[in-house]
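Engineer: One structure coming up, written as structure tokens, with questions to follow.
Just so it is clear, none of the values below were taken in a lab; they were calculated from the coordinates. Owing to the predicted nature of the structure, the values given are computational and were not obtained by experimental measurement. Neighbour counts run over all protein chains shown; Cβ positions are idealised from the backbone, glycine included.
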Amino acid sequence: MITRRLRPIGWVAGVAGAALSFYLVSLQVAAERAALESVEHRIAVTQRDIRRLETEFSARASLRQLEEYNNEVLALAAPKVGQYVPSGVQLAAYAPDAGGDIGQPVASTALASAEAAPPPANRPTFRPAVVQDARTDGAPVIPAVKAPPLIQTVAMIEPAPAPMAKPKAQAKPARTPVVQKVALLDDASIGEIARAAAKEAKGR
């Protein structure tokens, strides 16, 4: 009977031990995961620092080339005192031991006088001309005479009548050739003509 009563207690203790072991395992896994994330973060930071240092080393290695490029192309230079104050005396005036307020220059600027300078003696003076109205004087006012309008006569040119077209000459009908019969010479007459021509040629 004692074993039957202790059996539930054993089950409860076993289940509690298993749950506790599972909880401890999960805590260990979470701790390992956090450590792994921190390691990955440190690796990323280290890689970034390595890249920055490599860039700095490469820049320092090519410093002479950059200086030559600056002198030839960019012409950049560090700011100097002469860009802000003209001399060292004015720079010393800004010192707190001088007793003056910082930001106020020692040299005082003279204000220009508002009085206008007198004009030179040789400079000519211009006065506006006064035009008197004619109606204020005693002379009578003569009304303006309107000129009569000019009338110009324009001669109308009538168009000349167009010349009549000449009648075209009618072409005459072509004449039909008349065939005339010519008597041909016989052989005897041709021979006589040839002999006479030969005699004349010999006589010449």
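Engineer: Determine the gain in length on full extension of the stretch A30-Q47; use 0.36 nm per residue of separation and subtract their C-alpha separation, reporting nm with one decimal.
Structural biologist: Length gained between A30 and Q47: 3.5 nm.
Engineer: For S21 and N71 in one chain, what is 0.36 nm times their gap in residues minus the Cα-Cα distance, to one decimal in nm?
Structural biologist: Result for the pair: 10.7 nm of gain on full extension.
Engineer: Further question on the same structure: Give the Cα extents of region 2-74 along the principal axes, in whole Å, largest first.
Structural biologist: Projected onto the principal axes, the Cα atoms of region 2-74 cover 102, 16, 5 Å.
Engineer: Where nothing but the Cβ of Lys and Arg (+1) and of Asp and Glu (-1) is charged, how large is the charge dipole of region 2-74 around its Cα centre, in debye to the nearest 20?
Structural biologist: 1040 debye
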